[in-house]
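Data first, discussion second: the structure below is written as structure tokens.
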Amino acid sequence: MGFGARNGVVEGVPVLILLLLGSPAAAQDSKPKGDYLKNIELCNGAGRTSPESRIEGCTALIHAVQGTAAALPIAYNNRGNAYAAKGDYDRAIQDFDQSIELNRTYTKPINNRGVAYLKKSEYDVAIKAFDEAIKLKPDYGEAFANRAEAHLKKQQYDRAARDFDDAIRLNPDLKAVWSGRCWTRAILGSLQAALDDCNKALQQDPNNAMTYDSRGLTHLKMGRLGAAIDDYSSALGLDPKSASALYGRGYAKLRNGDKASGDTDILAARKIESEIGDEFARYGVR
């Protein structure tokens, strides 16, 4: 629901340059150079490479470049991202741990490990990982955005808002941060500021269901029932199974005098998420 349902911001990095600059294993590899380059391509996730192919490519490179200190942490990080894309967060964390062990100042796997713990709903561990990444790299906008999402999951909305502020200050083009801050500000009651953020987010990505859902909540709390219904309908056009948008639209319809249609939406929302009404109560919609 809202920003909390989004994916965290994970980071990979191309291994091509590091692997081609003087890897002893590359010079000794008896396999054709084309195979070696193909594995680099797969590990980098070129094109629409599947997670399985990325894992295969990264694994081959890990075996090929043993002893190449600069390349191995990157290959482990990229393979961890591929495992995470498959939903295998435990194996992803193992690879991120290995990457960090090989290079303790490499911030990407620290951030990515936090995202994996976030997906496992281990929010305190995730926050510690993001804290570590930010300590090493104070201008790490992605880590601030991810920590904001973890704070949202813990209903620590003030902390989430501060982290979104920092993420936007550091990287205003980062995907989802404007929408995330809109959602957070809507919950906190800073409604005009929330509306401005959602409008900015929709300029960047006009087909984002969760941003329409966030703006719908903002309009709902502002008493703009027609606008709320329109935004929730837009969200449902993009994500028909959104319990948040169904409940919000139903609530707005009820307040607008459309009892039959409102009840239908709310019933559908509760079938998807039984405690959706309690969530809205926490957001100040009762």
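Computed quantities for the displayed model
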quantity: Identified option (computed Rg and Dmax of the Cα atoms in Å; candidates (1) 21.4, 72; (2) 19.5, 61; (3) 21.9, 76); calculated: (3)
quantity: Candidate lysines - alpha carbon under 18 Å from residue 221, same-chain residues fewer than 8 apart omitted; calculated: 253
quantity: Over 24 Å between alpha carbons, listed pairs 153/259; 86/108; 200/259; 108/135; calculated: 153/259; 200/259
quantity: Size of electric dipole in the chain: Cβ of Lys, Arg +1 and of Asp, Glu -1, about Cα centre, debye, nearest 20; calculated: 340 debye
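Coordinate-derived values only; no laboratory data. Everything quoted here is computed from the prediction, not taken from an experiment. Using ideal geometry, Cβ is built from the backbone for each residue, glycine included, and neighbour counts are taken over all protein chains shown.
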